[in-house]
Amino acid sequence: MKEFKFKIGGQDYAATVEDLKDGQMKVTVNGQTYQVEVPHKKAKGPQVVMAPVAAEAQTGGPKNVNSELPGTVTKINVTNGQHVKRGEVLLVIEAMKMANDIVSEVDGTVQRVAVSQGQSVNQGDLLVEMVADFVAAKAEVTPKPAPAAPAPVAAPAPAPAAAPAAGAKTVTAPLPGTITKLTVKVGDTINAGDTVLLMEAMKMENNITAEFAGKVKAILVEAGAQVQSGQALVELD
């Protein structure tokens, strides 16, 4: 079980993360427990959407978007009646010290935005009502990438050893997840609040930001790497 503490808007939070099985995790925040699913920990092998599921999609229909965890809506990118593409960011929720992009899983039309900017939401709350477009029925195979990323993660190992002597500061992972994109490089000078990388966790794309200004001394992970809660990601002078 992993434990960590953090602040959001000046309020203290204490959280624990416990691995269950088949990609399931139990996350407890200030005594309230949620069961979440981490996509990259699902059973190995390709995921096949069978014909009955695809046939249902061909008629279109409701495809509502609900909140995966408690947080605060910080930005809304769509309006009622707007057509969006699959993967397009609908809104942003701040939760657990991370900005989480809430994206559309389908091509479709926004029927109603059910929240407003600044509103606090709970897990399962309706965020956006949508109607999916008509799509042709077909079986879809999504290959599972081979989990060969741990080797690159270990490559920068010498960098952390120098951190204590230099008094370096590190940006760490607040939750288990998969690194999807690095937005800084060694030698860059950043400010507090700047995004240093993107991480997929709990079915959401999360902007991982620095808590302090500094110069990037070492990047300890690569895109595609799977990381655990509290793992060092970027080292700053």
Taking the simple approach of a point 7 Å from Cα along Cα-to-Cβ for both residue 186 and residue 125, what is their distance in nm? 4.4
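Compare the peptides 191-197, 28-34 by average per-residue count of other Cβ atoms within 10 angstrom and give them in order, highest first.
Values: 191-197: 15.0, 28-34: 12.3.
Peptide ranking by packing, descending: 191-197, 28-34.
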Give the long-range amide H neighbours of residue 194: residues separated by 5 or more places, or on another chain, with amide H under 5 Å away, using H modelled in the peptide plane at 1.01 Å from N. 210
What is the sum of charges around residue 199, taking Lys and Arg as +1, Asp and Glu as -1, for the other residues whose C-beta is under 10 Å from the C-beta of residue 199? -1
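Evaluate 2.2 N^0.38 Å with N set to the residue count of region 71-137, then give the Cα radius of gyration divided by it.
On the way: Rg = 12.2 Å, N = 67, 2.2 N^0.38 = 10.9 Å.
Region 71-137 yields a ratio of 1.12.
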May I ask which of 63/203; 7/85; 26/169 have a Cα-Cα span longer than 27 Å here? 7/85; 26/169
With every protein chain left in place and a probe of 1.4 Å, what is the accessible surface of residue 102, to the nearest 10 Å²? 10
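Tell me, in nm to one decimal, what length is gained between residue 237 and residue 11 on full extension, where the rule is 0.36 nm per residue of separation less the Cα-Cα distance?
On the way: separation 226, 0.36 × 226 = 81.36 nm, distance 2.79 nm.
Gain on extension, residue 237 to residue 11, equals 78.6 nm.
The values are calculated or read from the model by the stated rules, or taken from the named source; none is laboratory data. Note that the coordinates shown come from a computational prediction; the quantities given were computed from them, not determined experimentally. Note that we place each Cβ from the backbone using ideal geometry, even for glycine, and neighbour counts take in every protein chain shown. Side chains are part of the model used for accessible areas, which takes the heavy atoms of the whole protein and leaves out ligands, DNA and RNA. Shrake-Rupley method; radii C 1.70, N 1.55, O 1.52, S 1.80 Å.
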